[in-house]
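Enquirer: This is the structure I want to talk about, given as structure tokens.
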Amino acid sequence: MKVLCSLITALAAILCCQAETDRVPSWEPGVSIPLNNQDLEENIAWAGEAGFKWLELDMTPCDIDDQATVRKQIDTYAKAAKQAGLKIWSIHIPFGPDFDPSETDQAKLEKCVSNIISSLELARRIGPYHKAILHPSFEPIPADKREAKLRQLKKTLQTLAPQVEKDYQVRLAIECLPRTCLINDSAEATELFQDNPFIDNCFDVNHLLKENQEHYAKVVGKRIATLHISDYDRINERHWIPGKGVIQWVPLIRQLQADGYQGPFMFEVTTTPWKDNMRQFYIDLIQSWEKIKSDCKNAD
């Protein structure tokens, strides 16, 4: 009887430990660092010191027509990441009217697609990575133009996405966007993803102005393959550090866990409040992640 009681006690302890582990997300933290960062090597080193494991190479500010400069920047980025022991999870393709896959003017669209491909070609220098983040549109989009642009986006991605996967061994992750941009809610995201198995979703949690994060994650589900993490006031995107805004993190984390999310917890936070102390920026982001994990552990 004593042996049986001991076994039951041990089993209960194991189950309790497992339940606690299940509550706490095991995703590794990542952070987006722009290619043209003035102190690029120092920032990547500080991110590694703070405890980050993954980077997103943000190409958004770069001029892809100045390829010599971009190549040099990418080489510097790759060297700094290796020295800091950081892995590249994703790249962020530049966005704007010259990178708009929903452009309905065919001559302009050809240039947009060419620019997207040029960005991917340049990004080869960074080495292997998992996702290429692409904005589905630029803005503003008038209501009477929305359906035409959504149709064009679908058509563009039907050709572009499998080409990217074949030629670059990476999948496009289409980012949900705010305001009048395309893919500004889970209904439009579902409409886009259901007909194209070659694309994933980049879930930017501070871009949702029409629904909460838990609902979006539940609807889009397993198509969410990467994240952009920050906080906001639900009035507009803010890219604040988690905890400053209104996002309910525990329900969101629970839903992502239920969906089987396996990517990193990738921060995309404005650095403005830390412009005079960027080393502290990365420390504070990691502390916000530890706070979220603690809240998940202690939640009912």
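The values are calculated or read from the model by the stated rules, or taken from the named source; none is laboratory data. Computed from a prediction, not measured in an experiment: that's the story for all the values here. Backbone-built Cβ (ideal geometry, glycine too); neighbour counts: all protein chains shown. Accessible surface is based on the protein model in full, side chains and every heavy atom, while ligands, DNA and RNA are left aside. Shrake-Rupley method; radii C 1.70, N 1.55, O 1.52, S 1.80 Å.
Enquirer: Report the antiparallel proportion of the DSSP beta bridges in the chain as a percent, rounded to a multiple of 5.
Expert: Rounded to the nearest five, the antiparallel share is 5 percent.
Enquirer: Tally the DSSP beta bridges in the stretch 148-300 and give the antiparallel ones as a percent, rounded to 5.
Expert: Beta bridges within the stretch 148-300, antiparallel portion: roughly 10 percent.
Enquirer: May I pose another question? Distance in nm between label sites at residue 290 and residue 82, each 7 Å beyond Cα in the beta-carbon direction?
Expert: In this crude label model, residue 290 to residue 82 measures out at 3.1 nm.
Enquirer: Shifting gears a bit: Quick one: angle between helix 40-50 and the longest Cα principal axis of the chain, in degrees between 0 and 90, rounded to 10, please.
Expert: The angle comes out at about 20 degrees.
Enquirer: Using modelled backbone amide H atoms (1.01 Å from N, in-plane), which distant-in-sequence or interchain residues come within less than 5 Å of residue 241's amide H?
Expert: 231
Enquirer: Contour minus end-to-end for residue 258 and residue 187, with contour as 0.36 nm per residue of separation and end-to-end as the Cα-Cα distance?
Expert: Extending this stretch completely gives an extra 23.6 nm.
Enquirer: Further question: Carbon and sulfur atoms: what percent of the 1.4 Å accessible area of the stretch 189-300 do they account for?
Expert: 49
Enquirer: Further question on the same structure: Pairwise over distinct Cα atoms, reciprocal of the mean inverse distance: report the Kirkwood radius of the chain in Å, one decimal place.
Expert: For the chain, the Kirkwood estimate is 20.3 Å.
Enquirer: For the stretch 174-227, evaluate the Debye formula with one uniform point scatterer on each Cα (no solvent term) and list log10 I(q)/I(0) at q = 0.13, 0.20 Å⁻¹, rounded to two decimals.
Expert: Per q value, in the given order, log10 I(q)/I(0) is -0.24, -0.58.
Enquirer: Further question on the same structure: With springs only between Cα atoms under 10 Å, which of 47, 258, 123 fluctuates most in a Gaussian network model of the chain?
Expert: Looking only at 47, 258, 123, the largest GNM fluctuation is found for 258.
Enquirer: For the stretch 86-203, what is one quarter of the convex hull surface built on the Cα atoms, given in nm²?
Expert: Mean shadow area of the hull around the Cα atoms is 7.0 nm².
Enquirer: Show the residues, 5+ positions off or on another chain, whose built amide H is closer than 5 Å to the amide H of residue 203.
Expert: 225, 226, 227, 228
Enquirer: To make sure I understand the rule: partners must be aspartates and glutamates, Cα under 12 Å from the Cα of residue 297, and not fewer than 8 residues away in the same chain. Which ones qualify?
Expert: Those aspartates and glutamates meeting the cut-off are 20, 22.
Enquirer: Once R0 is set to 41 Å, what does the formula 1/(1 + (r/R0)^6) return for the Cβ-Cβ distance between residue 105 and residue 209, expressed as a FRET efficiency to the nearest 0.05?
Expert: 0.90
Enquirer: Same structure, new question: Enumerate the amide H contacts of residue 133 below 5 Å, restricted to partners 5 or more residues apart or on another chain; note that Pro and chain-start residues carry no placed amide H.
Expert: It is 91, 92, 93, 173, by chain and number.
Enquirer: Same structure, new question: What is the extension gain from residue 40 to residue 250, computed as 0.36 nm multiplied by their sequence separation minus the C-alpha to C-alpha distance, in nm to one decimal?
Expert: 72.3 nm
Enquirer: What are the equivalent ellipsoid semi-axes of the stretch 154-194, built from the alpha-carbon gyration tensor (square roots of five times its eigenvalues), in whole angstrom, biggest first?
Expert: Result for the stretch 154-194: semi-axes of 22, 10, 8 Å.
Enquirer: Roughly speaking, what is the stretch gain from residue 147 to residue 71, that is 0.36 nm per residue apart minus the C-alpha to C-alpha distance, in nm to one decimal?
Expert: Result for the pair: 23.6 nm of gain on full extension.
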